[in-house]
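Contents: one structure, followed by commentary.
The values are calculated or read from the model by the stated rules, or taken from the named source; none is laboratory data. Computed from a predicted model, the values in this text were never measured in an experiment. Backbone-built Cβ (ideal geometry, glycine too); neighbour counts: all protein chains shown. Keep in mind that these areas ignore ligands, DNA and RNA; they rest on the heavy atoms of the full protein, side chains included. Shrake-Rupley method; radii C 1.70, N 1.55, O 1.52, S 1.80 Å.
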Amino acid sequence: MPIELAYLRGRTGRKSNLFTKQRLQALTMSNFSFIACDSIDVIAGYMHGMTQPSLSARLLLSNSQKTTGINRQLARLLEPYIPPEHLSEIEEKQESDSNTLAETIGNAVGGLQESAGIPVLNSAKVISCTQDGSKAVGSPEVVVTVLFPSLVPLAAKLVLEWLLSVVNNLRPEQSELSAKQSKKLDQLFQRLNILAPGGSNNIRFIRAADTLGIPVIALPGGVFQYGWGKRGRWFNSSITDETPFIAVKYAKNKLLTTSTLKSAGIPVPEGNRVKSMTEAASLADRIGFPVVVKPADLDQGKGVHADLRTENEVYAAFKQASKLSTSIMLERHHKGHAFRITLFRGESVAIVKRLPAGVTGDGIATVNELIEKTNTDPRRSSSRFSIMKPITVDEEARLLLQQDGLRLDSVPQKGQFVALKKAANVSTGGDAILLEKDDIHPSYLSLVKRAAALLRLDIAAVDFITDDIEKSWQESDAVIIEVNAQPQMGTILTHLHGQLLGSYVKRRGRIPSMLVLGADRGDVVKEVREYNGRDLSGLGCVSKDGIFIGRERIGDGGKNSIAEARTLLINPSVAGLLLAGELEAIAANGHALPFIEKIVISSWPDEWEKTPKEMELLSSQLDGEIWLVKDHPLESSALQMFSRENVRVFESRDSMIEASVEILSEECND
């Protein structure tokens, strides 16, 4: 069975919310010439300090001169396709050994996923590199095992497969992909785009959470949980678990929004829904030109046609907008500048002046040359995850140039702004300037707060037009044109994702977590769970006895520790975690948690290893202490591997149990 998405099927055939570890067929062993992969395992948990699941691949490398210079050659080939930071990591590697080649492959796999909108939070890691003693013809010289972190390990597998095909077919001095390789890459990106989380907000929230040390759990339907249990918060882009459904319904329908705002005395453009070109022209005549035609149920400037001055322009705009939506509205166009104020829970966090796509003359360059220069801004890209979009020359741009008496080969005066779009929207090539509160009249802050509060939105971006931002809205020709319930915040407001998470997700979203190891781990978990005298009603436990919340058994345990832990992590009534773990399962599948506050090592039979190799795996995800009883067989090993302040030694097993109860009960009583 092939690896599938986290929300699809595991090897049992039952629907599962986690990957299960599976051995896949070799990617290129049938045609092994330089580098191949003979096995792949999905690591559903966390290991080697990674904060994402990963793909473990065993790469077989031949002893070939092709290794020399391959980093620079791959960098040239992939330059158009991967982010600069990943490209520089490839270019900077000077060595030509097997480890370096494996790391180069890892950087390229991560970079290509990032380009497709799949966040890769950690660097690929070489976890073993051994010489193959076989002298058989065609046998590999070096065997390297690499971990490729990914939000969706299937994506890493697909990228690795394509990349190894490219590497094995490199021609000397090849500097760009062949037509066949480019076609395969386009097909790859199409598949990766399906696997990627939707929208740029999700990507930026995931990255911000990783920076803040907040654990992330992917849920079905493009929803992500930030934090665990009682501290976990759900986000779908910038819609949160606080955002009312009715509020989103209203905000996503401009007709409903406008009608509601008008009823509350908030200024909006005069207008209405129109069902035909004739009806649109009639309404335009009644309210007066210029007018705006736009879909009532789309955002990001899609289908918006502003400053229409004739019936023919209205006809053309209606025809174009109708291709995108069946719900079209027409309203009076207001002259002035466009602004957006973003609010979190009623407080302004960003004020932006929005400019339409256009260029500013320097008295030397032509309009076309100015466009080309503007589009060299690295923030501008046609990628759906780019901060800004390139300026394009279309019929609207040519019409605006004609109205200003200009052509593409005209030279605008120095300081002259030449508009190439009517609507001020970053998604159509516009720009944005960040303002301070002192830059605008305070009445606008009050106005947008009223609008967001009226729609009951906890997060909102309110768009308005005014002819004078320094005068009160009552003294200006000011109108609110849109209230966004799901604002995209990636333009110049990338800091907002971390700021928002910090506000919504308390204490990094974590609850007390303990992993119990040892022969009697199940007994330890049971003793803590059934401890009398403390409120442990919110304690989530996993052992072979089952999955428990408090003393209520909610499911079977002992089969898939990662899936069983997840059952508790997404439950909002869970205030603490106590997990019984097996070293063998951890070594194979990783830890159930990326961060573990306490690792409790209980009884250790004489026949067990006294310095288990898995001890390193324990340390990689530990974000707290190792606990054990005095004179424990592993006490000296723990003190050697961990700093003394991270090892707590108890006088007795009972005292260790009592300390566990004390920590785990704190959140239950909070």
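Numbers below:
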| read-out | value |
| --- | --- |
| For the chain, the longest site-free run once chymotrypsin sites (Phe, Trp or Tyr not before Pro) in DSSP loop states with at most 15 other Cβ atoms within 10 Å are removed | 8-607 |
| Rg/Rh for region 546-590, where both radii come from Cα atoms and Rh is the Kirkwood radius | 0.97 |
| Value of relative contact order over the chain, rounded to a whole percent, pairs C-alpha under 8 Å and six or more apart | 12 percent |
| Net lengthening on full extension, residue 223/residue 298 (0.36 nm per residue, minus Cα-Cα) | 24.9 nm |
| Average accessible area per residue (Å²) across the chain - probe 1.4 Å, nucleic acids and ligands excluded | 45 Å² |
| Cα-centred dipole magnitude for the chain, charges only on beta-carbon of K, R (+1) and D, E (-1), debye, nearest 20 | 1920 debye |
| Intensity falloff of the chain expressed as log10 I(q)/I(0), Debye formula with alpha-carbon point scatterers, at q = 0.10 Å⁻¹ | -1.05 |
| Contour minus Cα-Cα distance for residue 446 and residue 212 (0.36 nm per residue) | 81.1 nm |
| Charge dipole (debye, nearest 20) of region 435-492; +1 at Cβ of Lys and Arg, -1 at Cβ of Asp and Glu | 400 debye |
| Computed FRET value (nearest 0.05) for residue 249 with residue 186, which takes r as the C-beta separation and R₀ as 41 Å | 0.65 |
| Whole-Å semi-axes of region 245-320's equivalent ellipsoid (Cα gyration tensor) | 23, 15, 10 |
| Of the GluC sites (Glu not before Pro) in region 554-657, those whose Cβ has at most 11 other Cβ within 10 Å and which sit in DSSP loop | 607, 651 |
| Debye intensity ratio I(q)/I(0), log10, region 553-670, q values 0.11, 0.16 Å⁻¹ (C-alpha model) | -0.40, -0.86 |
| Percent accessible area from carbon and sulfur atoms, the chain, protein chains only, probe 1.4 Å | 47 percent |
| Those trypsin sites (Lys or Arg not before Pro) in region 553-662 that DSSP places in a loop and that have at most 14 other beta carbons within 10 Å | 559, 610, 613, 630 |
| Solvent-accessible surface (1.4 angstrom probe) belonging to residue 237, in square angstrom, nearest 10 | 10 Å² |
| Net charge of Cβ neighbours under 9 Å - reference residue 597; Lys, Arg +1; Asp, Glu -1 | 0 |
| Cut-off 10 Å between beta-carbons: net charge of the residues surrounding residue 476, Lys and Arg +1, Asp and Glu -1 | -4 |
| Within the chain, helix-based [θ] at 222 nm, where runs of 4 or more DSSP H residues each add -39,500 (n - 2.57), nearest 500 | -9500 deg cm²/dmol |
| Among beta bridges that DSSP assigns inside the chain, antiparallel share in %, nearest 5 | 80 percent |
| Dipole axis of region 136-286 (+1 Lys, Arg; -1 Asp, Glu on Cβ), positive-most option in 246, 181, 235 | 246 |
| Nearest-0.05 FRET efficiency for residue 644 and residue 535, computed from C-beta distance (R0 35 Å) | 0.60 |
| Computed label-point distance, nm, for sites residue 477 and residue 168 using a 7 Å Cα→Cβ extension | 6.7 nm |
| Listed residue pairs exceeding 28 Å between alpha carbons, taken from 262/437; 230/598; 249/437; 323/389 | 249/437 |
| For residue 506, net neighbour charge (Lys/Arg +1, Asp/Glu -1) across residues whose Cβ lies under 12 Å away | +4 |
| Positive-end extreme of charge dipole, the chain - chosen from 517, 428, 90 (charges on Cβ) | 428 |
| Computed lengthening from residue 544 to residue 381, 0.36 nm per intervening residue step minus Cα-Cα distance | 53.5 nm |
| Nearest-20 debye value, region 229-286 charge dipole, Cβ charges on Lys, Arg, Asp, Glu | 300 debye |
| Selected from 206, 600, 69, residue furthest toward positive end of dipole (the chain; charges at beta carbon) | 206 |
